[in-house]
Each structure stands twice: as C-alpha cells, then as structure tokens.
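Quick notes on the structure that follows.
Every number here is computed from the coordinates shown, using simple stated rules; none is lab data. Model, not experiment: these values are computed from the prediction. All Cβ positions, even for glycine, are placed from backbone atoms using ideal geometry, and neighbour counts span all protein chains on display.
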C-alpha cells in the first residue's frame, strides 16, 4: 500500500450523525478528494449548521448541570432584555 494514500479514520474527519455513515462507507471503499469535492456546498453547510446547533444545545445543557442557578439567572436576564425591546 502506498503510504501517501493513507486514509484518516472517519471519526477524525466527521462528527455527529454522519460519523457512523462515514465509518461504514470508508470500510466499503476508499474515497478520493475528487469524490468529496462533488458534494454540493449547500448540503455541507446544512449539515454543518445542524452540528453547530447540536453542539450549542449540548453546551447549554452542560452549563445548566454545572451551575443551574447561574444558568437560570442568565436566562432570566436575557428574557428581560428581550421584553424591554417590545
């Protein structure tokens, strides 16, 4: 096997729901950069946006678990700021 054609593990390249798909697909065949370049940018952006949203939700859950009082105080402060706009 040519050492310049080593393939990174799927977990290193992707995350989220697509990780398991990538892991299975890379076991079935090797993908080249040209294969990956044919993915429409909007599809990639959509997946990236969803992953960022999920990461934000996980971070918020972690903040709540670590300090519920501070989290709720921050949430209340943001709500009051929004209420003042209307």
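General remarks:
- Förster radius 35 Å - calculated FRET efficiency between residue 44 and residue 78, Cβ distance, rounded to 0.05: 0.65
- Treating r as the C-beta distance of residue 85 and residue 34 and R0 as 41 Å, the FRET efficiency rounds to 0.25.
- Listed by Cβ neighbour count within 10 Å, with the fewest neighbours leading, 76, 50 appear as 76, 50.
- A simple spin-label model places pseudo-atoms 7 Å from Cα toward Cβ; at residue 27 and residue 51 they are separated by 2.1 nm.
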